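Please treat every number below as a calculation from the coordinates, not as lab data. Being a predicted model, the structure only gives us computed values, none of them experimental. Neighbour counts run over all protein chains shown; Cβ positions are idealised from the backbone, glycine included.
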Amino acid sequence: MHFCKMVFSGIRIVFLIFIVSIYTLPATFSQSSIRIVSWNLKDFGQSKSDEEILFIAKTIKDFDIVMIQEVVAKHPGGAQAVGRLAEVLNRMGAKWDYRISDMTSGENSYKRERYAFLWKPSRIKLIGRPWLERQYNMEIDREPFFATFNKDGKEFTLVNFHAITKSKQPETEIKYFKYLPAEYPNLNLIFCGDFNCPQSHTVFNPLRKMGYLPALVDQRTSLRQQCLSDGCLASEYDNVWYDKSKVIKIDAGIIHFYLGFTDIKEAGKVSDHVPVVFEFEVKEDE
C-alpha cells in the first residue's frame, strides 16, 4: 500500500471536482493501525463555504484522527467551522467527536489561532482533556496543542503545531521541542503540523539524536501560486515526527487535493497546504 505521488504540470489542468488523487483505504487493513491526517486549513473560519467544508470532509473522512492548524481565533466563526465540519463528517457513515483549543498566547493578537482535533470514537479513545503547551508558551508564539489517545490499550500523544512564518525564523521556536520529551517523560509524543521549516534543517538534530524521525523526506507540502514544470508544490513545511523506539511507521504521504480543481488559485481557497498523512502502530511496552 502506498500513497499516491502524482504530479501534474502545465498552466491549465482539468479535473472534475471531488475526483481527487488521494489516499485510498485498501479493502483489508490492520485493525491495529492508526491513520492520522494533519492539515493547515488557511484561515479556517466563517469564510469557508458549505461547498468547501463538504470538500474537506470528503478528503479526510476515511481517517481515524484529523488535526487542523490555522483555526480562526479572533472570531467565533473559527470554532463554528470545526463544528460545521464535524456535522458533515457525521453524515458520512461514522460518528466523529472533536476538541478545539483555547486561543494561543502569542504577543501578536492578530496572529493568534486555535487548533482542532477530530476523531472517530469507534476507533480511538481520547484520554483526559487536550491542553496547550504550558512550559514554553512564551517562547513559542502559537504553542502546540496536545491530546492523548488510546488505541487497543496503547497510548500516544499527538502534538498539533503551527510555527511562525519562514520570514520570522521558525527555528527560533522549534528549538524548544527538544525539551518536550523530558517535560512529558511518560508520554509517547508525535509532533505534527506545519513547521514552516524543512525536516533537513539542523534545528531538528536534537530530536533526531533522541530517536525521532520525520514521516516525510524531500516532500513538498505548500501550494504555489501557479503550477510550474516541476509541479504545483513549493516548500517542504508540513510533517510528522515520531519516536522510532515507540512507533512503527506503516506509511506516510500527502493528499493532492488540488487535483480536484481546474485552477490552482481556486484550490488555494481551501488551503495553501496539502494534508499530510501518517499511518502507524504503537509498539508494545518492553
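Out of SER245, PHE117, TYR212, whose Cα points farthest toward the positive end of the dipole of region 34-279 (charges: +1 Lys, Arg; -1 Asp, Glu; placed on Cβ)?
Going by the charge dipole, the pick is SER245.
Between LYS74 and SER49, what is the label-to-label distance in nm when each label sits 7 Å out along the Cα-to-Cβ direction?
2.5 nm
Cross-link candidates for LYS120: which lysines have Cα within less than 18 Å, leaving aside residues fewer than 8 places away along the same chain?
LYS58, LYS61, LYS95, LYS151, LYS154
Which of these, GLY45, GLY128, GLY253, has the largest mean-square fluctuation under a Gaussian network model of the chain (Cα springs below 10 Å)?
Looking only at GLY45, GLY128, GLY253, the largest GNM fluctuation is found for GLY128.
For region 159-234, compute Rh as the Kirkwood radius over C-alpha pairs and then the Stokes-Einstein diffusion coefficient at 4 °C and 1.567 mPa s; write the answer in µm²/s, rounded to an integer.
93 µm²/s
Could you tell me the relative contact order of region 34-279? Use alpha-carbon pairs under 8 Å, at least six residues apart, and round to a whole percent.
Working: 522 pairs, mean separation 45.5, N = 246.
Averaging sequence separation for qualifying contacts and normalising by length gives 18 percent for region 34-279.
Tell me, Kirkwood radius of region 101-193 from alpha-carbon pair distances, in Å? Don't skip to the end; give the middle numbers.
Details: mean 1/r = 0.0715 Å⁻¹.
One over the average 1/r among Cα pairs gives 14.0 Å for region 101-193.
Quick check: convex hull over the Cα atoms of region 34-279, volume per residue in Å³, rounded to an integer?
Numbers: hull volume 30.0 nm³, N = 246.
Measuring per residue, one finds 122 Å³ for the Cα hull of region 34-279.
Please work out the C-alpha center-to-center distance from region 39-78 to region 184-215 and express it in whole Å.
25 Å
For the chain, set up a Gaussian network in which alpha carbons nearer than 10 Å are linked by springs, and say which option among ARG142, ARG208, ARG134 fluctuates the most.
Most flexible of the set in this elastic network: ARG134.
Divide the volume of the convex hull of the Cα atoms of region 73-130 by its number of residues and quote the answer in cubic angstrom per residue.
73 Å³
Residues with beta-carbon under 13 Å from that of GLU51, excluding GLU51: net charge, scoring Lys, Arg +1 and Asp, Glu -1?
On the way: positive: LYS48, LYS58, ARG84, LYS269; negative: ASP50, GLU52, GLU266.
Cβ neighbours under 13 Å give a net charge of +1.
What value, in deg cm²/dmol to 500, does the helix sum -39500 (n - 2.57) over DSSP H runs of n ≥ 4 give at 222 nm once divided by the residues of the chain?
Details: 6 runs with 45 residues, N = 286.
Computed ellipticity for the chain at 222 nm equals -4000 deg cm²/dmol.
Order of 243-251, 268-276, 70-78, 31-39 by packing, highest average Cβ count within 10 Å first?
Numbers: 243-251: 16.1, 268-276: 22.9, 70-78: 18.8, 31-39: 20.7.
Highest to lowest by the protection proxy: 268-276, 31-39, 70-78, 243-251.
In debye to the nearest 20, how big a dipole does region 139-286 give about its Cα centre with +1 on each Lys and Arg Cβ and -1 on each Asp and Glu Cβ? Can you show the working numbers first?
Numbers: 17 positive and 23 negative charges, 62 e Å.
Taking the Cα centre of region 139-286 as origin, the dipole is about 300 debye.
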